[in-house]
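Everything on this sheet refers to the single structure shown next.
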Amino acid sequence: MKTKLTTLILAFTAGLAFGHEGIELGPNKGRIVEFSDNETMHGEVTEKDGKLHIAVLDKDMKPVEVEAQSLAVTGGTREKPVKVEITKVAGGFTLPVPADGEWLIMQYKETPDAKAIIARLNYNTKKCDPCGQPEWRCACGEKK
Ligand SMILES: [Zn+2]
C-alpha cells in the first residue's frame, strides 16, 4: 500500500520539490499546507458541514482575499485519479470530504500565469490517542 501511495505522489509531482514534511496546525486548528516555495503563502484545511475548507493564509497566517488564485485538486487512486470539484468561496476554497485514506494532490496558483505549487494531504481519519484529533490534522508527531 505504502509503495502505491509513494508512486502516486511521484507520478503527480515529478520534478517538483516537496518543501518540508512537517505537520503544522493553523489558527483554526486546521492542517497547514504550503502554497509557496518560501513559506509566504499557506492553506489551512479544516472540515465543516461535510466539506473541506481550504483557507488561504499569508506568511503571518492571516487570511488572504481570494481573487486571481486558483486551486485544482486530484483525488482518487493512482489507477483512477479523479479531479475533485472545487468551489471558490470568500477567503479560500471548498471541496467535498474525501474518502478515508485518500490522498489529495493540490495544485495552487497565485495567478493564472503563476507556476503551480503542489501540496498534498493524506485524509487519514484514524483518531490519534494523545490529542483526540484525526491523524490528518494531528501534529503530535512533530518534535522540534
Ligand atoms: Zn495527535
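The values are calculated or read from the model by the stated rules, or taken from the named source; none is laboratory data. As the structure is a prediction and not an experimental result, all values here were calculated from the model. Here the Cβ is made from the backbone with ideal geometry for all residues, glycine too, and neighbour counts use every protein chain on show.
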All strands (runs of 3 or more DSSP E) inside segment 64-144 with 1 or more residues being surrounded by fewer than 17 Cβ atoms within 10 Å (Cβ to Cβ) and among the small types (G, A, S): 70-76
Residue, nearest to the ligand (Cβ to nearest atom), within segment 103-139, restricted to residues that are acidic (D, E) and modelled with pLDDT of 95 or more: E110
